[in-house]
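Notes for the one structure printed next.
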Amino acid sequence: MNGASSSGGIRGALSYCVQQVRRYDYHHYLCLLELPANMRKAAFALRAFNVETSRAMDVASDPKIGLMRLLWWQEALDKIYSNKVIEHPVAQALTSVVSEHKVSKSWLKRAVEARINDANRENNDIPQTVEELERYAEDTTSTILYSTLQAGGIKSTAADHAASHIGKASGLLLLLKSLPYHASRNHQFSYIPAKVAEKHGLLVHQSGQSEIKKDSREALCDAVFEMASVANAHLQKARQLSGSVPAEARPVLLPAVPAQVILDSLARVQFDVYDPRLAQGILGAPPLLFQLKLKWYSWRGKY
């Protein structure tokens, strides 16, 4: 392949990444538009990789097919880091980014492996503690932020710590927002930890197995509030670090803004994840208000 057609192929692959993020992860698409132009290519490729792996189980009619897709990505990463050609636009974009920016393989492997482990979990095998979900959120969400910082050549312990907290908050809140979807799909609240459920009277034991009741709306709101409070604490910690975070890292940490919007939307509906207002606009906020808030944080160099 000559240089011209190769660069054309990469342009097409990157265009595909941008479209995928815009279509399936619109709030992060808007965040990435605030990045400096020289950081956008890597950021969109990494976020498109997250779209591919996060949707693998949702788009498959059979969970086995979703799991096969994740295993394909696990294998694809080995090929990407061996600079082998893969006929998939997101993989092609990632190959280009990895060769240009030396993004650590360990972060991306960790993200896929966490999703594979989650896919292998039985519906009635619910996590025991919030800490388990925090680990899952860090493995799947913080790792994308770590990789984006790394691709931008930003080396800062404070930025990494802030990214860890923002990823945990964002991951937890997106799991909470998607509880009704997972409950309808799996006939179970797969992402409410047993200890939280038990505390709020939601845990029932039947035939040696634990299940979470789906008919107690008020108790569910209390459980969601408790988990949202954990996410809120992570956002607060991330913001406390902002004075030590270098200016060039702050645009990468803008996903703290949509996380805060989800928190605010949940609070507005008394943490009732079944309230239809949560599905309106962008994460429950009017689109114009969301975009103005994001622009305001970006303009002030905040997150």
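The values are calculated or read from the model by the stated rules, or taken from the named source; none is laboratory data. What you see is a predicted model; the values in this text were computed from it and never measured. Neighbour counts are summed over all protein chains in view; Cβ atoms, including those assigned to glycine, are modelled from backbone coordinates with ideal geometry. For accessibility, only protein heavy atoms count, side chains too; no ligands or nucleic acids. Shrake-Rupley method; radii C 1.70, N 1.55, O 1.52, S 1.80 Å.
Some notes on this structure:
- Within the accessible area of the chain, the carbon and sulfur atoms contribute 51%, probe 1.4 Å, all protein chains present.
- Positive dipole terminus of the range 1-84, leading residue within I80, L33, I10 (C-beta point charges): I10
- About its Cα centre, the chain has a charge dipole of approximately 1020 debye under the convention of +1 per Lys or Arg Cβ and -1 per Asp or Glu Cβ, with nothing else charged.
- H165 contributes about 40 Å² of solvent-accessible surface, heavy atoms of the protein only, 1.4 Å probe.
- Taking the range 217-303 and dividing mean pair separation by its residue count, relative contact order in percent (alpha carbons under 8 Å, at least six apart): 39
- Relative contact order [Cα under 8 Å, 6+ residues apart], the range 141-267, whole percent: 38
- Sequence-distant contacts, meaning Cα pairs under 8 Å at least 6 residues apart, place the relative contact order of the chain at 17 percent.
- Take the chain with all the other protein chains still there, run a 1.4 Å probe, and you get 47 Å² of accessible area per residue.
- The calculated Kirkwood hydrodynamic radius for the chain is 19.9 Å, given to one decimal from all distinct C-alpha pairs.
- For the range 166-271, the convex hull spanned by the alpha carbon atoms encloses 107 Å³ per residue.
- Sum of -39500 (n - 2.57) over DSSP H runs of 4+, divided by residues of the chain (222 nm, nearest 500): -21500 deg cm²/dmol
- Ordered from longest to shortest, the equivalent ellipsoid semi-axes for the range 1-120 are 23, 17, 13 Å, each the square root of 5 times a Cα gyration tensor eigenvalue.
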